Amino acid sequence: MIRRAPRSTQSRSSAASDVYTRRHRCQAEHVEAFGVASACSLARIPFGAVLSVTHVVGSHAKPDFTKHHRDATLAAAECFLSWLHGGAAGLPH
């Protein structure tokens, strides 16, 4: 007989994140941006976010973050500036 370790109780935010991930079929998430986007949606305020991925959660997260965060930040800034200089499509004028 194989015994399994008891499952730990999932936090409310972790459970909500799992539901969101399944519903939207995404492979990445940003809980803070999702919260702001949800609040903006309820208030009918336009919202946009440019996010970059620096690492995968796990044992190599910290060295990967250290290795990639500068390039990821510059890529996100370049994306945002390109959108802004292109007329900020989707933003009410």
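The values are calculated or read from the model by the stated rules, or taken from the named source; none is laboratory data. Here the structure is a predicted model, which is why all the values come from computation and not from measurement. Note that each Cβ is placed from the backbone with ideal geometry, even for glycine, and that neighbours are counted across all protein chains shown. Only protein heavy atoms, including side chains, enter the accessible area calculation; ligands, DNA and RNA are left aside. Shrake-Rupley method; radii C 1.70, N 1.55, O 1.52, S 1.80 Å.
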Report task. Within segment 75-92, track down each residue that is more than 20 Å from residue 32 (Cβ to Cβ) and either of a type in the set (Asp, Glu) or touching a Ser or Thr at 6+ places or on another chain (Cβ under 9 Å) (or both). Result -> 78
Report summary line: Those residues of segment 45-68 which are within 28 Å of residue 91 (Cα to Cα), open to solvent by 70 Å² or more (accessible area, probe 1.4 Å) and not β-branched (Val, Ile, Thr) amount to 46, 47, 51
Report summary line: Of (1) of a type outside the set (Val, Ile, Thr); (2) assigned to a loop (DSSP other than H, G, I, E, B); (3) modelled with pLDDT of 90 or more, residue 51 fails just (3)
Query - Cross-chain or 6+ apart pairs with Cβ under 9 Å, segment 71-93 first and of a type in the set (D, E, K, R), then surrounded by 10 or more Cβ atoms within 10 Å (Cβ to Cβ) - result: 71/52; 71/54
